[in-house]
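The values are calculated or read from the model by the stated rules, or taken from the named source; none is laboratory data. Quick caveat: nothing in here was measured; it's all calculated off a predicted structure. Cβ: placed from backbone, ideal geometry, glycine included. Neighbour counts: every protein chain shown. The protein model used for the area step is the full one, side chains on, heavy atoms only, and it has no ligands, DNA or RNA in it. Shrake-Rupley method; radii C 1.70, N 1.55, O 1.52, S 1.80 Å.
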Amino acid sequence: ILGVMSLQNVDREYAFDDRDVSLLSTIAASLGVALRTGRLIDETRHRVAELATINSVGEAISAQIEVEPLLALVGEKTREAFDADIAYVALVDEENDRIDFPYYVEGGRHEVQEPLAIGEGLTSRVLQRRRPLLLNRAEDWSKLGERGRGTLAMSWLGVPIMAGDRAIGVISIQSTSEEGRFGESDERLLSTIAANVGVAVQ
């Protein structure tokens, strides 16, 4: 069941008969087919866009052999694909026990980010959990118990960059103006990008 159609008459009883039921049922059935078709078209377009993004990032990865330019390219492609207000690529510096940000863009500006101590912020949560973190609503932030550092985001998605069974970095996209901006398909796509980055970094 996708929805309901209803007719009502507030002036008289027995305003509708079996013919009205039949006609309205036919209209509802036609609408149901149209809705399903529209949804399939939307899903197909979304999937094509996902594949185009993965292909674009793959081309960027294959064109670079140096890590920092590679991460900058991936960050830029990711920011453009998701039209994110904030996007960053973080990488663990195990030698100095910190998290570096080779790519960070906020509001279209490339900002230099100070390193973060391992264990601090949402980036560390993603690294420790070794799985994506999606915060889309105020209640998500309340449940988490922290808002991270820097500009407050209304929607926040971060996925780990894995090298084998180790989390070596994080890719994050954020919206500072819109709740519910990211969903499961965005999480899946960003995770695919991060998996490719993990292989390239290795």
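Looking only at segment 131-147, residues that are within 15 Å of residue 175 (Cα to Cα), out of contact with any helix residue (DSSP H, G or I) (no Cβ under 9 Å at 6 or more places or on another chain) and surrounded by fewer than 17 Cβ atoms within 10 Å (Cβ to Cβ) come to 3 in all.
For beta carbons closer than 8 Å, sequence separation of 6+ or different chains, a first residue in segment 80-95 that is within 19 Å of residue 202 (Cα to Cα) and a second that is assigned to a helix (DSSP H, G or I) and open to solvent by less than 20 Å² (accessible area, probe 1.4 Å), the qualifying pairs are 89/71; 89/74; 89/75; 89/78; 89/197; 90/123; 91/71. Is segment 149-156 home to any residue that is within 19 Å of the chain's Cα centre (by Cα), farther than 18 Å from residue 70 by Cα, free of Cβ contacts under 8 Å to residues at least 40 places away in the same chain and part of a loop (DSSP other than H, G, I, E, B)? Yes.
Residue by residue, here is whether (1) at pLDDT below 85; (2) open to solvent by 50 Å² or more (accessible area, probe 1.4 Å); (3) in a helix (DSSP H, G or I); (4) under 14 Å from residue 196 (Cα atoms) holds:
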residue: 23; (1), (2), (3), (4): no, yes, yes, no
residue: 26; (1), (2), (3), (4): no, yes, yes, no
residue: 30; (1), (2), (3), (4): no, yes, yes, no
residue: 34; (1), (2), (3), (4): yes, yes, yes, no
residue: 40; (1), (2), (3), (4): yes, yes, yes, no
residue: 44; (1), (2), (3), (4): yes, yes, yes, no
residue: 56; (1), (2), (3), (4): yes, no, yes, yes
residue: 61; (1), (2), (3), (4): yes, no, yes, yes
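Scanning segment 183-202 for residues that are in contact (Cβ under 8 Å) with a residue 40 or more places away in the chain, within 15 Å of residue 167 (Cβ to Cβ) and open to solvent by 30 Å² or more (accessible area, probe 1.4 Å) yields 191, 201. When residue 77 is tested against (1) in a helix (DSSP H, G or I); (2) touching a Leu at 6+ places or on another chain (Cβ under 7 Å); (3) closer than 18 Å to residue 169 by Cβ; (4) at pLDDT below 85, just one condition goes unmet, and that condition is (2).
Within segment 89-115, the set of residues being hydrophobic (A, V, I, L, M, F, W, C) and at pLDDT 90 or above comprises 89, 90, 91, 92, 99, 101, 105. Taken as a whole, the condition of being of a type outside the set (A, V, I, L, M, F, W, C) and open to solvent by less than 30 Å² (accessible area, probe 1.4 Å) applies to residue 155.
Scanning segment 155-185 for residues that are out of contact with any His (no Cβ under 8 Å at 6 or more places or on another chain) and among the polar types (S, T, N, Q) yields 155, 172, 174, 175, 176, 177. Would you call residue 134 in contact with a Phe, Trp or Tyr (Cβ under 9 Å, 6 or more places away or on another chain), under 17 Å from residue 90 (Cα atoms) and part of a helix (DSSP H, G or I)? Spelling it out, it is not the case that residue 134 is in contact with a Phe, Trp or Tyr (Cβ under 9 Å, 6 or more places away or on another chain), under 17 Å from residue 90 (Cα atoms) and part of a helix (DSSP H, G or I).
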